[in-house]
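Asker: Let me begin by handing over the structure; questions about it come next.
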Amino acid sequence: FCGIFFGLGVASKWIGLYSGAGLAFLFFLTLYNRLREKRLAEAALEAGADDPDGYLKRVLHAFGPAAIRTLIAAAAFFIVIPLAIYVASYVPILLAREGNYTLGSLWEFQTFMFNYHSFLTATHPFSSQWWSWPFNVRPIWYYAGSGLPAGKAASIAAFGNVAVWWGGLISSVWLMVTSAKRRIGADPGKLVVLVALASGFLPWVLVTRATFIYHYFACVPFIILAAVYLIRYLEKRFPRFKYAVLGYLILVAAVFAFFYPAMSGMTVPAWYAHLQELLPSWGFYLQ
(Lines give C-alpha, C1' and ligand atoms only; values in the text may rest on other atoms or scores of the structure.)
Protein backbone atom coordinates (compact mmCIF):
# COMPACT_ATOMS: atom_id res chain seq x y z
CA PHE A 1 0.00 0.00 0.00
CA CYS A 2 2.90 2.37 0.69
CA GLY A 3 4.22 1.75 -2.82
CA ILE A 4 0.78 2.29 -4.33
CA PHE A 5 0.27 5.61 -2.56
CA PHE A 6 3.82 6.65 -3.40
CA GLY A 7 3.02 6.04 -7.07
CA LEU A 8 -0.23 8.01 -6.80
CA GLY A 9 1.61 10.86 -5.11
CA VAL A 10 4.32 11.11 -7.76
CA ALA A 11 1.74 10.82 -10.53
CA SER A 12 -0.07 13.81 -8.99
CA LYS A 13 3.00 15.98 -8.38
CA TRP A 14 6.73 15.40 -8.72
CA ILE A 15 7.45 16.55 -5.18
CA GLY A 16 6.40 13.03 -4.18
CA LEU A 17 9.87 12.03 -5.34
CA TYR A 18 11.33 14.10 -2.52
CA SER A 19 9.50 11.93 0.00
CA GLY A 20 10.65 8.88 -1.93
CA ALA A 21 14.24 10.02 -1.44
CA GLY A 22 13.59 10.24 2.30
CA LEU A 23 12.11 6.73 2.33
CA ALA A 24 15.11 5.43 0.39
CA PHE A 25 17.47 7.01 2.91
CA LEU A 26 15.65 5.35 5.82
CA PHE A 27 15.59 2.02 3.96
CA PHE A 28 19.31 1.93 3.20
CA LEU A 29 20.16 3.21 6.67
CA THR A 30 18.22 0.30 8.14
CA LEU A 31 19.95 -2.11 5.75
CA TYR A 32 23.31 -0.69 6.83
CA ASN A 33 22.41 -1.19 10.49
CA ARG A 34 21.55 -4.85 9.78
CA LEU A 35 24.94 -5.19 8.05
CA ARG A 36 26.67 -3.76 11.12
CA GLU A 37 24.84 -6.29 13.30
CA LYS A 38 26.08 -9.05 11.03
CA ARG A 39 29.67 -7.82 11.23
CA LEU A 40 29.46 -7.46 15.02
CA ALA A 41 28.15 -11.03 15.30
CA GLU A 42 30.95 -12.24 13.05
CA ALA A 43 33.57 -10.41 15.12
CA ALA A 44 32.12 -11.77 18.35
CA LEU A 45 32.23 -15.35 17.08
CA GLU A 46 35.79 -14.94 15.85
CA ALA A 47 36.74 -13.60 19.29
CA GLY A 48 35.32 -16.77 20.87
CA ALA A 49 32.20 -15.25 22.41
CA ASP A 50 29.72 -17.64 24.02
CA ASP A 51 26.70 -18.33 21.85
CA PRO A 52 24.73 -21.01 23.74
CA ASP A 53 21.42 -20.45 21.95
CA GLY A 54 22.97 -19.85 18.50
CA TYR A 55 21.74 -16.26 18.27
CA LEU A 56 25.00 -14.87 16.86
CA LYS A 57 25.16 -17.59 14.22
CA ARG A 58 21.57 -16.91 13.18
CA VAL A 59 22.35 -13.20 12.82
CA LEU A 60 25.45 -14.03 10.80
CA HIS A 61 23.78 -16.45 8.37
CA ALA A 62 20.39 -14.71 8.08
CA PHE A 63 21.67 -11.38 6.77
CA GLY A 64 22.42 -12.42 3.17
CA PRO A 65 19.12 -14.14 2.31
CA ALA A 66 17.07 -11.56 4.23
CA ALA A 67 18.85 -8.66 2.51
CA ILE A 68 18.25 -10.17 -0.94
CA ARG A 69 14.55 -10.78 -0.23
CA THR A 70 14.14 -7.27 1.14
CA LEU A 71 15.87 -5.62 -1.82
CA ILE A 72 13.71 -7.57 -4.29
CA ALA A 73 10.55 -6.62 -2.40
CA ALA A 74 11.62 -2.97 -2.19
CA ALA A 75 12.29 -2.87 -5.94
CA ALA A 76 8.85 -4.32 -6.64
CA PHE A 77 6.95 -2.12 -4.19
CA PHE A 78 8.81 1.17 -4.62
CA ILE A 79 10.03 1.06 -8.23
CA VAL A 80 7.91 -1.29 -10.36
CA ILE A 81 4.48 -0.51 -8.87
CA PRO A 82 4.92 3.30 -8.65
CA LEU A 83 6.40 3.40 -12.16
CA ALA A 84 3.44 1.43 -13.53
CA ILE A 85 1.01 3.81 -11.83
CA TYR A 86 2.89 6.85 -13.13
CA VAL A 87 2.90 5.55 -16.72
CA ALA A 88 -0.78 4.62 -16.48
CA SER A 89 -1.68 8.12 -15.30
CA TYR A 90 -0.84 9.44 -18.79
CA VAL A 91 -3.29 7.14 -20.57
CA PRO A 92 -6.15 9.71 -20.80
CA ILE A 93 -4.10 12.56 -22.27
CA LEU A 94 -2.09 10.37 -24.64
CA LEU A 95 -5.21 8.65 -25.95
CA ALA A 96 -6.76 12.07 -26.54
CA ARG A 97 -3.86 13.06 -28.80
CA GLU A 98 -3.54 12.07 -32.43
CA GLY A 99 -1.51 8.91 -32.71
CA ASN A 100 -0.88 6.08 -30.31
CA TYR A 101 0.37 5.96 -26.75
CA THR A 102 4.13 5.53 -27.13
CA LEU A 103 7.03 5.69 -24.73
CA GLY A 104 8.43 8.47 -26.90
CA SER A 105 5.38 10.66 -26.39
CA LEU A 106 5.45 9.90 -22.68
CA TRP A 107 9.11 10.96 -22.52
CA GLU A 108 8.26 14.21 -24.33
CA PHE A 109 5.95 15.17 -21.48
CA GLN A 110 8.68 14.49 -18.93
CA THR A 111 11.32 16.55 -20.71
CA PHE A 112 8.85 19.39 -21.30
CA MET A 113 7.93 19.57 -17.61
CA PHE A 114 11.54 19.36 -16.49
CA ASN A 115 12.68 22.08 -18.89
CA TYR A 116 9.74 24.29 -17.97
CA HIS A 117 10.57 24.19 -14.27
CA SER A 118 14.32 24.38 -14.84
CA PHE A 119 14.33 27.46 -17.08
CA LEU A 120 11.26 29.37 -15.92
CA THR A 121 12.16 33.02 -15.33
CA ALA A 122 8.69 34.47 -14.70
CA THR A 123 8.13 36.46 -11.52
CA HIS A 124 5.09 36.65 -9.28
CA PRO A 125 4.17 39.31 -6.69
CA PHE A 126 3.34 36.63 -4.10
CA SER A 127 6.30 34.33 -4.67
CA SER A 128 8.50 33.69 -1.64
CA GLN A 129 11.90 32.25 -0.81
CA TRP A 130 12.21 28.80 0.77
CA TRP A 131 13.78 30.15 3.96
CA SER A 132 10.72 32.33 4.65
CA TRP A 133 8.12 29.54 4.56
CA PRO A 134 8.50 28.22 8.14
CA PHE A 135 8.05 31.80 9.38
CA ASN A 136 4.82 32.25 7.39
CA VAL A 137 6.16 35.50 5.98
CA ARG A 138 4.53 35.68 2.56
CA PRO A 139 1.13 34.07 1.93
CA ILE A 140 0.03 33.59 -1.66
CA TRP A 141 -3.07 35.58 -2.55
CA TYR A 142 -5.70 34.05 -4.87
CA TYR A 143 -8.87 36.12 -4.81
CA ALA A 144 -10.34 39.44 -3.71
CA GLY A 145 -14.04 40.13 -3.65
CA SER A 146 -15.36 42.72 -6.11
CA GLY A 147 -18.60 44.65 -6.24
CA LEU A 148 -19.01 44.41 -2.47
CA PRO A 149 -20.88 46.97 -0.37
CA ALA A 150 -18.86 49.86 1.02
CA GLY A 151 -16.85 48.93 4.08
CA LYS A 152 -16.80 45.22 3.19
CA ALA A 153 -13.95 42.99 2.01
CA ALA A 154 -13.39 39.39 0.93
CA SER A 155 -10.25 37.44 0.12
CA ILE A 156 -8.74 33.97 -0.33
CA ALA A 157 -5.10 33.43 0.57
CA ALA A 158 -2.97 30.36 1.28
CA PHE A 159 -0.91 30.49 4.46
CA GLY A 160 -0.38 28.53 7.65
CA ASN A 161 -1.90 28.66 11.09
CA VAL A 162 0.69 30.74 12.95
CA ALA A 163 0.14 28.82 16.19
CA VAL A 164 0.95 25.56 14.37
CA TRP A 165 3.72 26.83 12.09
CA TRP A 166 5.64 28.92 14.60
CA GLY A 167 5.19 26.33 17.31
CA GLY A 168 6.24 23.64 14.85
CA LEU A 169 9.31 25.63 13.85
CA ILE A 170 10.45 25.91 17.46
CA SER A 171 9.73 22.20 17.99
CA SER A 172 11.62 21.19 14.84
CA VAL A 173 14.71 23.13 15.90
CA TRP A 174 14.50 21.57 19.37
CA LEU A 175 14.14 18.10 17.85
CA MET A 176 17.18 18.59 15.59
CA VAL A 177 19.37 19.89 18.44
CA THR A 178 18.40 17.24 20.97
CA SER A 179 18.65 14.43 18.41
CA ALA A 180 22.13 15.57 17.36
CA LYS A 181 23.26 15.59 20.99
CA ARG A 182 21.89 12.13 21.72
CA ARG A 183 22.91 10.44 18.44
CA ILE A 184 20.29 11.07 15.81
CA GLY A 185 19.51 7.43 15.08
CA ALA A 186 18.85 6.51 18.71
CA ASP A 187 15.10 7.15 18.39
CA PRO A 188 13.68 5.77 15.10
CA GLY A 189 10.52 7.87 15.42
CA LYS A 190 12.44 11.13 15.70
CA LEU A 191 14.66 10.08 12.82
CA VAL A 192 11.62 9.52 10.59
CA VAL A 193 10.26 12.99 11.43
CA LEU A 194 13.59 14.70 10.76
CA VAL A 195 14.20 12.84 7.49
CA ALA A 196 10.65 13.64 6.34
CA LEU A 197 11.21 17.33 7.10
CA ALA A 198 14.57 17.34 5.34
CA SER A 199 13.32 15.52 2.24
CA GLY A 200 10.26 17.78 1.95
CA PHE A 201 12.06 21.07 2.56
CA LEU A 202 15.76 20.99 1.62
CA PRO A 203 15.31 20.21 -2.12
CA TRP A 204 13.69 23.62 -2.53
CA VAL A 205 16.98 25.24 -1.55
CA LEU A 206 18.27 24.22 -5.00
CA VAL A 207 15.25 25.50 -6.95
CA THR A 208 15.94 28.84 -8.64
CA ARG A 209 12.54 29.57 -10.21
CA ALA A 210 9.71 31.39 -8.43
CA THR A 211 8.40 29.36 -5.51
CA PHE A 212 5.45 29.76 -3.15
CA ILE A 213 4.51 29.08 0.43
CA TYR A 214 2.28 26.14 -0.49
CA HIS A 215 5.41 24.14 -1.33
CA TYR A 216 5.96 23.94 2.42
CA PHE A 217 2.56 22.37 3.12
CA ALA A 218 3.98 18.84 2.72
CA CYS A 219 6.13 19.50 5.81
CA VAL A 220 3.24 20.55 8.04
CA PRO A 221 2.29 17.04 9.28
CA PHE A 222 5.88 16.56 10.41
CA ILE A 223 6.29 19.89 12.21
CA ILE A 224 3.13 18.85 14.08
CA LEU A 225 4.80 15.55 15.00
CA ALA A 226 7.87 17.50 16.13
CA ALA A 227 5.57 19.57 18.35
CA VAL A 228 4.15 16.35 19.80
CA TYR A 229 7.67 15.21 20.73
CA LEU A 230 8.36 18.53 22.47
CA ILE A 231 5.02 18.41 24.27
CA ARG A 232 5.68 14.86 25.50
CA TYR A 233 9.13 15.91 26.72
CA LEU A 234 7.72 18.89 28.64
CA GLU A 235 4.90 16.81 30.12
CA LYS A 236 7.40 14.33 31.55
CA ARG A 237 9.44 17.12 33.12
CA PHE A 238 6.51 19.26 34.23
CA PRO A 239 3.34 17.25 35.01
CA ARG A 240 1.16 20.37 35.10
CA PHE A 241 2.21 21.19 31.53
CA LYS A 242 -0.81 19.20 30.32
CA TYR A 243 -2.95 22.24 31.11
CA ALA A 244 -0.72 24.36 28.88
CA VAL A 245 -1.23 21.81 26.10
CA LEU A 246 -4.99 22.25 26.37
CA GLY A 247 -4.48 26.00 26.16
CA TYR A 248 -2.31 25.57 23.09
CA LEU A 249 -4.97 23.49 21.34
CA ILE A 250 -7.56 26.14 22.12
CA LEU A 251 -5.20 28.77 20.70
CA VAL A 252 -4.75 26.76 17.48
CA ALA A 253 -8.52 26.52 17.06
CA ALA A 254 -9.00 30.22 17.84
CA VAL A 255 -6.33 31.27 15.32
CA PHE A 256 -7.99 29.11 12.65
CA ALA A 257 -11.38 30.68 13.37
CA PHE A 258 -9.94 34.19 13.38
CA PHE A 259 -8.26 33.80 9.98
CA TYR A 260 -10.96 31.66 8.38
CA PRO A 261 -12.43 34.61 6.41
CA ALA A 262 -9.05 35.22 4.73
CA MET A 263 -8.87 31.55 3.68
CA SER A 264 -12.47 31.10 2.53
CA GLY A 265 -13.52 34.27 0.73
CA MET A 266 -16.03 35.18 3.43
CA THR A 267 -17.24 38.77 3.28
CA VAL A 268 -16.25 40.68 6.43
CA PRO A 269 -16.14 44.30 7.58
CA ALA A 270 -13.06 46.16 6.35
CA TRP A 271 -11.86 46.81 9.91
CA TYR A 272 -11.86 43.04 10.58
CA ALA A 273 -9.96 42.44 7.35
CA HIS A 274 -7.21 44.81 8.48
CA LEU A 275 -6.97 43.03 11.85
CA GLN A 276 -6.06 39.82 10.03
CA GLU A 277 -2.99 41.35 8.39
CA LEU A 278 -0.75 40.33 11.27
CA LEU A 279 2.53 41.03 9.45
CA PRO A 280 3.32 43.88 7.01
CA SER A 281 3.88 41.29 4.25
CA TRP A 282 0.41 39.79 4.69
CA GLY A 283 -1.47 41.57 1.92
CA PHE A 284 -4.77 39.68 1.96
CA TYR A 285 -7.05 42.40 0.73
CA LEU A 286 -7.03 44.96 -2.06
CA GLN A 287 -6.80 48.49 -0.71
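Asker: Among residues belonging to the stretch 144-159 that are surrounded by 12 or more Cβ atoms within 10 Å (Cβ to Cβ) and either under 30 Å from residue 93 (Cβ atoms) or without any contact (Cβ under 8 Å) to a residue 40 or more places away in the chain (or both), point out the one that is farthest from the chain's Cα centre (by Cα). It would help to see each step written out before you state the result.
Answerer: Of the residues in the stretch 144-159, the ones surrounded by 12 or more Cβ atoms within 10 Å (Cβ to Cβ) are 144-145, 148, 152-159.
The next check asks that each one be either under 30 Å from residue 93 (Cβ atoms) or without any contact (Cβ under 8 Å) to a residue 40 or more places away in the chain (or both); those that pass are 156, 158.
Values: 156: 23, 158: 17 Å.
Filtering the stretch 144-159 for residues that are surrounded by 12 or more Cβ atoms within 10 Å (Cβ to Cβ) and either under 30 Å from residue 93 (Cβ atoms) or without any contact (Cβ under 8 Å) to a residue 40 or more places away in the chain (or both), the one farthest from the chain's Cα centre (by Cα) comes out as 156.
Asker: Pairs, please: C-beta under 7 Å, at least 6 apart or cross-chain, first residue within 14 Å of residue 109 (Cα to Cα) and in the stretch 6-19, second assigned to a loop (DSSP other than H, G, I, E, B)?
Answerer: The qualifying pairs are 11/89.
Asker: Which residues, counting only those in the stretch 119-154, are hydrophobic (A, V, I, L, M, F, W, C) and in a loop (DSSP other than H, G, I, E, B)? First the steps, then the outcome.
Answerer: The initial filter retains those residues of the stretch 119-154 that are hydrophobic (A, V, I, L, M, F, W, C), namely 119-120, 122, 126, 130-131, 133, 135, 137, 140-141, 144, 148, 150, 153-154.
The answer is 120, 122, 126, 137, 148, 150, 154.
Asker: Right, something else. Every residue in the stretch 129-143 that is open to solvent by 90 Å² or more (accessible area, probe 1.4 Å) and farther than 12 Å from residue 216 by Cα, please. Break it down into steps so the answer makes sense when it comes.
Answerer: The first filter runs over the stretch 129-143 and keeps only residues open to solvent by 90 Å² or more (accessible area, probe 1.4 Å), leaving 129, 131, 135, 142-143.
Answer for the stretch 129-143, where residues must be open to solvent by 90 Å² or more (accessible area, probe 1.4 Å) and farther than 12 Å from residue 216 by Cα: 142, 143.
Matching residues to (1) in contact with a strand residue (DSSP E or B) (Cβ under 6 Å, 6 or more places away or on another chain); (2) over 24 Å from residue 125 (Cβ atoms); (3) not polar (S, T, N, Q):
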{"position": "161", "(1), (2), (3)": "no, no, no"}
{"position": "192", "(1), (2), (3)": "no, yes, yes"}
{"position": "195", "(1), (2), (3)": "no, yes, yes"}
{"position": "208", "(1), (2), (3)": "no, no, no"}
{"position": "216", "(1), (2), (3)": "no, no, yes"}
{"position": "230", "(1), (2), (3)": "no, yes, yes"}
{"position": "234", "(1), (2), (3)": "no, yes, yes"}
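Asker: Under the condition of being open to solvent by 80 Å² or more (accessible area, probe 1.4 Å) and part of a helix (DSSP H, G or I), which residue from the stretch 9-21 is farthest from residue 198 (Cα to Cα)? First the steps, then the outcome.
Answerer: Applying the first criterion (open to solvent by 80 Å² or more (accessible area, probe 1.4 Å)) to the stretch 9-21 yields 12-14, 17.
Still in the running and part of a helix (DSSP H, G or I): 12, 17.
Numbers: 12: 21, 17: 13 Å.
Going through the qualifying residues, I end up with 12.
Asker: So residue 232 ticks every box in (1) free of Cβ contacts under 8 Å to residues at least 12 places away in the same chain; (2) more than 24 Å from the chain's Cα centre (by Cα) but one. Which box is left unticked?
Answerer: The one condition residue 232 does not meet is (2).
Asker: Being under 22 Å from residue 140 (Cβ atoms), open to solvent by less than 50 Å² (accessible area, probe 1.4 Å), under 20 Å from the mean Cα position of the chain (by Cα) and modelled with pLDDT of 90 or more, is that true of even one residue in the stretch 247-260? Break it down into steps so the answer makes sense when it comes.
Answerer: Initial filter on the stretch 247-260 (under 22 Å from residue 140 (Cβ atoms)): 252, 255-260.
Pick out the ones that are also open to solvent by less than 50 Å² (accessible area, probe 1.4 Å) and you get 252, 255, 259.
If we keep only those that are under 20 Å from the mean Cα position of the chain (by Cα) as well, we get none.
For the stretch 247-260, residues under 22 Å from residue 140 (Cβ atoms), open to solvent by less than 50 Å² (accessible area, probe 1.4 Å), under 20 Å from the mean Cα position of the chain (by Cα) and modelled with pLDDT of 90 or more: absent.
Asker: Next question, about the same structure. Among the numbered conditions (1) open to solvent by less than 70 Å² (accessible area, probe 1.4 Å); (2) in a helix (DSSP H, G or I), tell me where residue 232 comes up short.
Answerer: (1)
Asker: Among the residues of the stretch 96-118, write down those that are farther than 30 Å from residue 212 by Cβ, assigned to a helix (DSSP H, G or I) and not small (Gly, Ala, Ser).
Answerer: Result: 103, single match.
Asker: Mind checking which residues of the stretch 82-108 are within 31 Å of the chain's Cα centre (by Cα), over 18 Å from residue 1 (Cα atoms) and open to solvent by 50 Å² or more (accessible area, probe 1.4 Å)?
Answerer: 91, 92, 93, 103, 107, 108
Asker: Also, quick follow-up: Working carefully through the options 180, 196, find the one that is in a helix (DSSP H, G or I), of a type in the set (Gly, Ala, Ser) and open to solvent by 30 Å² or more (accessible area, probe 1.4 Å). Please lay out each step first, then the result.
Answerer: Details: 196 fails: open to solvent by 30 Å² or more (accessible area, probe 1.4 Å).
Checking each option against the conditions leaves just 180.
Asker: Still on this model: For the condition part of a helix (DSSP H, G or I) and open to solvent by less than 60 Å² (accessible area, probe 1.4 Å), what is the one hit in 57, 38?
Answerer: Values: 57 fails: open to solvent by less than 60 Å² (accessible area, probe 1.4 Å).
Of the residues listed, the single one that is part of a helix (DSSP H, G or I) and open to solvent by less than 60 Å² (accessible area, probe 1.4 Å) is 38.
Asker: It is to be established whether one or more residues within the stretch 200-216 are free of Cβ contacts under 8 Å to residues at least 40 places away in the same chain, surrounded by 14 or more Cβ atoms within 10 Å (Cβ to Cβ) and part of a helix (DSSP H, G or I).
Answerer: Step one: of the stretch 200-216, the residues free of Cβ contacts under 8 Å to residues at least 40 places away in the same chain are 202, 206, 208.
Of the ones still in play, those that are also surrounded by 14 or more Cβ atoms within 10 Å (Cβ to Cβ) are none.
No: zero hits.
The values are calculated or read from the model by the stated rules, or taken from the named source; none is laboratory data. Bear in mind the structure is a predicted one, so any value in this text is a computation, not a measurement. Glycine also receives a Cβ, built like all others from the backbone with ideal geometry; neighbour counts cover every protein chain displayed. Areas reflect the complete protein model, heavy atoms only, side chains present, ligands, DNA and RNA absent. Shrake-Rupley method; radii C 1.70, N 1.55, O 1.52, S 1.80 Å.
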